[in-house]
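First up is the structure itself, then whatever we jot down about it.
The values are calculated or read from the model by the stated rules, or taken from the named source; none is laboratory data. All figures in this text were calculated on a predicted structure; none of them were measured in a lab. Heads up, the Cβs are rebuilt from the backbone with ideal geometry, glycines too, and the neighbour counts pull from every protein chain shown. Ligands, DNA and RNA are stripped out before the accessible areas are found, and what is left, the full protein with its side chains, is counted by its heavy atoms. Shrake-Rupley method; radii C 1.70, N 1.55, O 1.52, S 1.80 Å.
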Amino acid sequence: METKVYQKENNLHLGKLLVESLKDIRRSRFLSFQLAKRDIQAQYRQSYLGIIWAFVTPLATAFVWIFLNSSGTVQLTDTGIPYPVYAFSGTLLWSVITEAINSPISSTNSAKGILSKINFPKEALVMSGILKLLFNSSVKVILLLLFIFFYGVGFNWSLLLFPFVLFAGIFFGTTLGLFITPLGMLYKDIGRMITFGLQFLMYVTPVVYAIPKSGIMKTVMEWNPFTPIILTARDFAVGMPPAYLTYFLIVIACCIPLFFIALIFYRISIPILVERMSA
Amino acid sequence: MNESEILVKVENLSKKFCKDLKTSLWYGVKDLASGLSGNKNERELRPKEFWAVKDISFELRRGECLGLIGHNGAGKSTLLKILNGLINPDAGKVTIRGRVGALIELGAGFNPILSGRENIYNNGAILGFTKKEIDEKIDKIIDFAEIREFIDMPVQNYSSGMKVRLGFAVAAQMEPDVLIIDEVLAVGDVGFRMKCLTRIGELLKSTAVIFVSHSMPQVSRIANKILLMKNGSEVIGGLNVSDGIERYYQLFQNGDSIIGGNGLIEIKDFKILNDSLNCIDAENGFLILKHNYKYTFQLKLKVKEQVKKYFVNYSFIDKETKQVANFFSVFSDSVFSKTGEVIIEGEIENLILGQGTYSIGVAVNEIKECNSRGEIYLYNSNISIISITGIETGHAPVQFLGNWNIN
């Protein structure tokens, strides 16, 4: 029979905690799926426009920049592909990553009520967040495909790699989000700071314009870890050689251990958070 | 199944909470940081903290039911949260064997705009069922909840009773080894409540149950172990359930009384005398009386000249503020007319009130020629509190003793 022991020391064997965490992820597959399904169903049942809302923000941002560019208000360097494809693929990827960053904290926040009442594998919240992101992103990708074909970029074999890069982007964002969740659950400031900071971060990432040839902006943009994700994804989508593939692989390789560490941190922090926020 | 198998073992459990939100959040940050390094230090109270649960120990075997009682804020829910693994203790240890089921929040995970059927899956998933299990049980759940007609309607259109029914119906499918119940039966109509109690009764046999309730009749019916908490600490614990319930009632020592009347009669003194006419002194505010003994109620009054004929009546009021017995002088054909300083004694041959504490109210009324009640000279709704002891079981307000025969 399964025996559980609760005491103040959390028996800090990182390895053991990780194994338990992964076991819980496995055990709660149905729960993660069900939670994601519930939220998606609820999201679309109470709305007529439904799916449209998933891409209305990136589309709007893209249109603003397409307009600024085509009207000559802003002079942008040549991107090598039709600008609408460049802008939309950028804003779309950006929206996926920012959603991924916010996903763990919003999933945890919306489960506040049950967290303080029922013991269930908390990892399911993170997983359901990822599932929801995958669903929403796949809808967006369909729109991106329309853009690609409409503007005559056409099909490239590397397009098949695009979903993997997109998934890597979600993974990257979720890892970041997972790290800030414990603090963000305690202080509302964290969530606001993230939203605020990301607005600025977008302008040092090649989302709507390319990396300049020289200057401080070039250095910042090249170091920015968001850059290789956006660029690699876009290059695969339109069939250009991926210029930042190495950096991309390094970022993702770093994310794998970081994700597990964040997962352990999340697991340790939940009881502390429940205690402080008990509804 | 081993009779003596211990499923829940709680050893010197303590938990502290913070009274101030901002400080609490800051401690949260510190705890997060120290949580990473294991935080093995002895934990002491930091400023603005208090012990919500202090040094609680008990053991529970399969088939046993612990009644966890105490006034609001005594630490019961905190204890349940630790037992359920939602928060970690600050000292001590909990060992739980087997699957834990908690009836704390019914209908967790319901989304109001989804239908009842969809929400059965949501709730079931959170309670740890697999899809297959829910598929198998869904008809049973719908029947148990008795809402087949509305099962495809959004849950937001359900009445609160229906939501609770559906929630309980799902939870009732659990087959836990340890069951934690926190006051969930307070809702729903009588029929459904009976159904819930029956289901819990079924579970009782094969599980260890921790039952939190403010309804003492329910506790005395279900529990065979008791833990009374006050300010986080154990007041009384163990197998003597009726003792615990008794002490629970005593915690609500309510000295408030309503005093009135037209002022023509004043109370000078009130005493209860025992068989040998010795006055009974109050212990912790209670006069301790023994069941089925003889007692004399002595009332010293100052009666003004205008008063004509009058009678005395006592009433016994239980903790649920229900009048459970009366003692009227007029029914014993005793009506008084003496004025000035008087002492009126009423003797009860056998006080057969059941175990518990009772407030005694007293009133002195005018009685008219036609035997109807006239003016109220005096009343005091709570002149003294008595506690009846000397009878072990039973929580009915009246306990007869008599001669029994078998032929």
Tell me the residue from B:264, B:273 that is in contact with a Ser or Thr (Cβ under 7 Å, 6 or more places away or on another chain) and either over 30 Å from residue B:78 (Cα atoms) or in the same structural domain as residue B:316 (by TED's automatic domain parsing) (or both), please.
B:273
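Condition check ((1) among the aromatic types (Phe, Trp, Tyr); (2) more than 10 Å from every other protein chain (Cβ to nearest Cβ)) across all residues:
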{"residue": "B:77", "(1), (2)": "no, no"}
{"residue": "B:97", "(1), (2)": "no, no"}
{"residue": "B:110", "(1), (2)": "yes, no"}
{"residue": "B:113", "(1), (2)": "no, no"}
{"residue": "B:146", "(1), (2)": "no, yes"}
{"residue": "B:174", "(1), (2)": "no, yes"}
When segment A:105-133 is examined, which residues are found to be at the interface with chain B (Cβ under 10 Å from one of its Cβ atoms), under 15 Å from residue A:267 (Cβ atoms) and open to solvent by less than 10 Å² (accessible area, probe 1.4 Å)?
A:111, A:115, A:120, A:124
Residue among A:22, A:93, A:49 that is modelled with pLDDT of 90 or more, surrounded by fewer than 19 Cβ atoms within 10 Å (Cβ to Cβ) and more than 14 Å from chain B (Cβ to nearest Cβ)
A:22
Might you let me know whether segment A:204-216 holds any residue that is away from chain B (no Cβ under 14 Å), in a helix (DSSP H, G or I) and closer than 18 Å to residue A:94 by Cα?
yes
Breaking point among (1) more than 20 Å from residue B:26 (Cα to Cα); (2) modelled with pLDDT of 90 or more, for residue B:52
(1)
How many residues, within segment B:79-91, are more than 7 Å from chain A (Cβ to nearest Cβ) and either more than 17 Å from the chain's Cα centre (by Cα) or surrounded by fewer than 23 Cβ atoms within 10 Å (Cβ to Cβ) (or both)?
3
Looking only at segment B:22-61, which residues are under 30 Å from residue B:179 (Cβ atoms) and in a strand (DSSP E or B)?
B:50, B:51, B:52, B:53, B:54, B:55, B:56, B:57, B:58, B:59, B:60, B:61
Among the candidates B:66, B:45, B:13, single out the residue that is open to solvent by less than 40 Å² (accessible area, probe 1.4 Å) and more than 23 Å from residue A:267 (Cβ to Cβ).
B:66
Counting only residues that are open to solvent by 10 Å² or more (accessible area, probe 1.4 Å), give me the strands (runs of 3 or more DSSP E) lying completely in segment B:198-271 with at least 1 of them.
B:225-230, B:233-238
Is segment A:25-36 home to any residue that is more than 14 Å from chain B (Cβ to nearest Cβ) and either out of contact with any strand residue (DSSP E or B) (no Cβ under 9 Å at 6 or more places or on another chain) or of a type outside the set (A, V, I, L, M) (or both)?
yes
